1. I'd like the Karplus ³J(HN,Hα) series for segment 282-292: coefficients 6.51, -1.76, 1.60, θ = phi - 60°, whole numbers in Hz, and an x wherever there's a Gly or Pro.
2. Distance between the C-alpha centers of segment 242-299 and segment 172-201? Whole Å please.
3. Calculate, in nm to one decimal, what residue 339 and residue 238 gain on full extension: separation in residues at 0.36 nm each, minus their alpha carbon distance.
4. Hey, what do the phi angles of segment 112-118 turn into as Karplus ³J(HN,Hα) couplings, whole Hz, using 6.51/-1.76/1.60 and θ = phi - 60°, x for Gly and Pro?
5. Averaged per residue, what accessible surface does segment 327-436 expose to a 1.4 Å probe, in Å²?
6. Return the label of the correct value of Cα extents along the principal axes in Å, as calculated from the structure shown, out of [x] 77, 54, 42; [y] 57, 54, 47; [z] 111, 69, 52.
7. Could you tell me what percent of the accessible area of the chain is made up of carbon and sulfur, with a 1.4 Å probe and every protein chain present?
8. Write down the percent of antiparallel bridges among all DSSP beta bridges whose residues are both part of the chain, to the nearest 5.
Amino acid sequence: MTRPPDGGPDLKQYGNMKKVVKFGGSSLADAAQFKKVAEIIHADESRVYVIPSAPGKRFSGDTKVTDLLYHMYEEAKEKKDFSKTLQTIKDRYDQIIKGLGLKNFSLDREFDVIEHELLDDPDEDYTASRGEYLNGRIMARYLKYEFIDAQEVIFFYEDGSLNLEKTTFTLRRRLEKVPRAVIPGFYGQGYNMKVKTFSRGGSDITGSIVAGACKADVYENWTDVSGFMVADPRIVSNPVRIETITYRELRELSYMGASVLHEEAIFPVRHEGIPINIRNTNAPDEDGTWIVESTCQKSGYVVTGIAGKKGFCTVLISKAMMNSEIGFGRKVLQAFEENQISFEHMPSGIDTMTIVVHEDEFMDKEQRVVSAIHRLAGPDSVEIESDLALIAVVGRGMKSTRGTAGRIFSALAHAHVNVRMIDQGSSELNIIIGVENEDFETAIRAIYDIFVLTQI
């Protein structure tokens, strides 16, 4: 059994240790990647339940199988000939089967069913889910593990949300009888008994659900990067890796754009206190990043991570003596609720209140919202400003380190970046900074430099 990396949780090394392992699309793009995955699984006998994604891109310019499936659904829905796309998808899987040397194994029957469904009554969720389903069939045969169709063990409510109670109960009973299995990611059974998918990247959630249901010791999520980086490598050149991060820190970073793991994948394992280990399929000896409930491990830096998004706008509401008017904030937020707009942040002053929203959600409804604010709250004025980017500086070490905010603002001033908004929660886990869209990358590099490179 493998030894946990330095800085990782002190996991038991003997007994009935159990790991759930999920592999992303790039890890299963072709037969060569399948072989790497099989080596990883067989290298540790505790890796008992496997969650595969659909085949991803094999090279730059290639198309993910899930994208091909969505395209095929559109063709079928519009009554167009989808046979060419279907054959392209079938060829991808046939190449994997041939490359793995699987004798007397074929997906012809499954493709006949898919074709019939598309001709009879095209369903988007069913079509999109077949990428994971077919990859799961191949993986189960290659590993000689039992195949469990996710539609039989993962359930959704009528509103599309996960029925975690029923799912956990059903999975737990099923897995008690199955020592090793492959369960496809991304989908389950909807309220109408048909296939229902998660949002894109939902295989991460499936893996987390399975890990929680079987009370795994570790949930390993294998992808094409060696864990989380302190900053986006597309913005900062060769950023350092985060060794250990808490669920709360990860939630903040995922929400603000860090996309290694689906943000909803945290909840099923967090409830059970199961650590997540993000690993690199193409570099399996690297430790990756450990995601844990809590830790006494000290980060090498004051901040754990820096992430952000562009495309926000602010709605500034001003009214004299606002602070003494009971219910004023509720009335303002009601204007956004009536127009189905969620807000991101709400910094406020004595006579001012600022609502930060996604610009693309707000733009077409802005005048209706302004009218509703005037009707409900009677403000003195309402001002809208656009082109705002939000940056989250997150770290459990910030609470015990004096001058963190000062260092951030000093770095931004030195980089000639104007700060338009500041918001910090009472937990002192993160600081949100608003800057111009055009200053976004410059700001992230400046914050990274002062906390990681110079550490002054």
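The values are calculated or read from the model by the stated rules, or taken from the named source; none is laboratory data. Quick caveat, the model's predicted, so the values are computed rather than measured. Ligands, DNA and RNA are stripped out before the accessible areas are found, and what is left, the full protein with its side chains, is counted by its heavy atoms. Shrake-Rupley method; radii C 1.70, N 1.55, O 1.52, S 1.80 Å.
1. Each residue's phi maps through the Karplus curve to give 8, 9, x, 7, 6, 5, x, 10, 9, 10, 10 Hz.
2. 22 Å
3. Values: separation 101, 0.36 × 101 = 36.36 nm, distance 4.24 nm.
Taking residue 339 through residue 238 to full extension adds about 32.1 nm, to one decimal.
4. 4, 5, 4, 4, 4, 4, 5
5. Values: 5510 Å² over 110 residues.
Here the residues of segment 327-436 average 50 Å² of exposed surface.
6. Of the labelled values, this structure produces [x].
7. Numbers: 10070 of 21500 Å².
Of the solvent-accessible surface of the chain, carbon and sulfur hold 47 percent.
8. Numbers: 40 of 63 bridges.
Of all bridge pairs located within the chain, approximately 65 percent are antiparallel.
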